[in-house]
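The values are calculated or read from the model by the stated rules, or taken from the named source; none is laboratory data. All values reported here derive from a predicted model rather than from experimental measurement. Glycine also receives a Cβ, built like all others from the backbone with ideal geometry; neighbour counts cover every protein chain displayed. These accessible areas exclude ligands, DNA and RNA; they are computed on the full protein's heavy atoms, side chains included. Shrake-Rupley method; radii C 1.70, N 1.55, O 1.52, S 1.80 Å.
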Amino acid sequence: MEGSNRTSSQTYDRLFVVLLLASLVLIFASVLLIEVFSVNYGIGIGALVQSNLTNTNVTQTLAPTALNVSSLRVAILEMYVIIGIAVGMFLLAFILYSMKGNRQNAEGRRYTLLHLVLALVFSGLFITEFLTFDIGISGVYLGIILIAMIASIAIDAFSEYQIHIAAPARTSRPKKELNINPSTPYSNLAALRDEIFANLSGRVTIVDKHFNSEALSNLHRLMSGIEGGINEVDVATSKGMLDSDFYKDYNDLKNEMRNRNITLSVLLMDDQDAVAQHERFIFDGNTAYKIPPMNIIHKKSEHITKIKTSDARRRFEQLQKNSITLENYAVKQARDQPKETAE
């Protein structure tokens with residue numbers, strides 16, 4: 001499963017690189033068309049001015065251009081709108097490429113749909129301008145532009161298909177409740193991994209004031225083989241959980257997860273917040289669960305139930321305001337140590 005997730009992620013990365021390049025081509029295509037229209041507009045204005053000064057008719061070869069001066073001016077203004085759309089497509093493609101595992105989240109889905117809409121609008125406007133005016137673009141350039149438009153629409157349509165049709169068919173729907181049986185700890189971990197963690201994606205946050213070295217070990221086991229959809233894990237725990245092995249275990253797991261393109265970070269709650277925080281929960285961009293302590297998550301007889309994602313996120317943000325990262329806390333402790341020794 002890990003191999004297939006990584007392969008899928010790499011495929012998406014390549015597709016969004018192509019999307020970036022296609023969007024860049026469309027920016028240059030818009031600039032090229034503005035240049036063509038501007039040159040024709042200048043020629044038309046020049047022919048009309050010369051005709052008025054010499055009181056003669058515009059030459060036959062320049063007559064069509066001179067007659068279309070007003071339309072060319074409007075077309076130039078329209079092209080500025082089109083180039084704005086192309087720039088928007090490029091920025092969205094860059095955001096989607098940078099999002100990695102978050103592309104399947106609500107925010108990623110909105111960006112994908114918006115890029116598809118912009119690609120369709122751009123293609124419609126660009127083709128309309130091309131058919132309305134006699135534009136002297138070589139067949140090679142025209143072919144590259146058409147390929148870029150088709151590639152943009154095709155990749156966006158494929159992404160929409162994967163999000164709304166293929167992905168739901170492949171992935172089991174997260175359960176609303178999961179029972180933990182203390183007599184089957186191994187099976188519990190397998191069920192937690194397959195039913196809960198396999199359905200998480202993007203940024204995953206765990207709030208558990210008893211998260212210790214044993215919890216780190218369980219986190220590693222629960223994420224084994226399902227890392228493809230997760231790119232960040234944040235843990236909020238209390239200072240009392242920093243046993244002698246925690247720093248070493250944390251750094252080892254952090255480095256290992258970094259090699260899998262996953263960022264691991266630990267926040268230490270303010271002491272008063274830790275005392276008041278009794279609930280433990282885990283959430284991503286779409287789903288949240290109330291969970292037992294992570295150090296005994298597979299051993300304690302309890303129901304793991306779904307809760308409101310918005311409530312979980314709001315509570316974490318409240319805790320985050322007074323929290324300190326594990327790294328900053330270690331530095332602070334090292335600075336305070338000499339003072340304590342001297343006293």
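General observations
- Pair list, Cβ < 8 Å and 6+ apart or interchain, from region 182-193 residues that are touching a residue at least 12 places away in the same chain (Cβ under 8 Å) and farther than 13 Å from Leu222 by Cβ to residues that are of a type in the set (S, T, N, Q) and surrounded by fewer than 18 Cβ atoms within 10 Å (Cβ to Cβ): Pro182/Ser301
- The one condition from (1) open to solvent by less than 60 Å² (accessible area, probe 1.4 Å); (2) over 29 Å from Ala198 (Cβ atoms); (3) at pLDDT 80 or above; (4) touching a helix residue (DSSP H, G or I) at 6+ places or on another chain (Cβ under 6 Å) that Thr112 does not meet is (2).
- Every residue from region 18-44 that is more than 15 Å from Tyr141 (Cβ to Cβ) and of a type in the set (Gly, Ala, Ser): Ser23, Ser38, Gly42, Gly44
- Looking only at region 115-159, residues that are of a type in the set (Asp, Glu) and open to solvent by less than 40 Å² (accessible area, probe 1.4 Å) come to 2 in all.
- Residues that are surrounded by fewer than 15 Cβ atoms within 10 Å (Cβ to Cβ) and not hydrophobic (A, V, I, L, M, F, W, C) were ranked within region 31-45; the one that is modelled with the highest pLDDT is Glu35.
- Residues of region 255-285 that turn out to be closer than 21 Å to Gln333 by Cα, in contact (Cβ under 8 Å) with a residue 60 or more places away in the chain and either in a strand (DSSP E or B) or open to solvent by 40 Å² or more (accessible area, probe 1.4 Å) (or both), as a count: 3
- Within region 304-329, the set of residues being in contact with a helix residue (DSSP H, G or I) (Cβ under 7 Å, 6 or more places away or on another chain) and surrounded by fewer than 14 Cβ atoms within 10 Å (Cβ to Cβ) is empty.
- When Asn105 is tested against (1) out of contact with any strand residue (DSSP E or B) (no Cβ under 7 Å at 6 or more places or on another chain); (2) at pLDDT below 90, exactly one condition is not met: (1).
- Only one of Ser138, Ser70, Ser123 that is under 26 Å from Val25 (Cβ atoms), hydroxyl-bearing (Ser, Thr, Tyr) and either touching a Lys or Arg at 6+ places or on another chain (Cβ under 7 Å) or modelled with pLDDT of 75 or more (or both): Ser123
Each row is one residue, and each column tells you yes or no for (1) assigned to a helix (DSSP H, G or I); (2) modelled with pLDDT under 90; (3) within 17 Å of Ala288 (Cα to Cα).
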position	(1), (2), (3)
Ser187	yes, yes, no
Arg203	no, yes, yes
Leu219	yes, no, yes
Val233	no, no, yes
Ala236	no, no, yes
Ser244	no, yes, no
Tyr250	yes, no, no
Leu253	yes, no, no
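- Filtered by the rule that a residue be of a type in the set (D, E, K, R) and touching a helix residue (DSSP H, G or I) at 6+ places or on another chain (Cβ under 9 Å), region 253-291 gives Glu256, Arg260, Asp270, Asp271, Asp273, Glu279, Arg280, Asp284, Lys290.
- Restricting region 286-303 to residues that are in contact with an Asp or Glu (Cβ under 7 Å, 6 or more places away or on another chain) and modelled with pLDDT under 90, the residue that is surrounded by the fewest Cβ atoms within 10 Å (Cβ to Cβ): His303
- Residues of region 207-243 classified as surrounded by fewer than 20 Cβ atoms within 10 Å (Cβ to Cβ) and among the acidic types (Asp, Glu), total: 4
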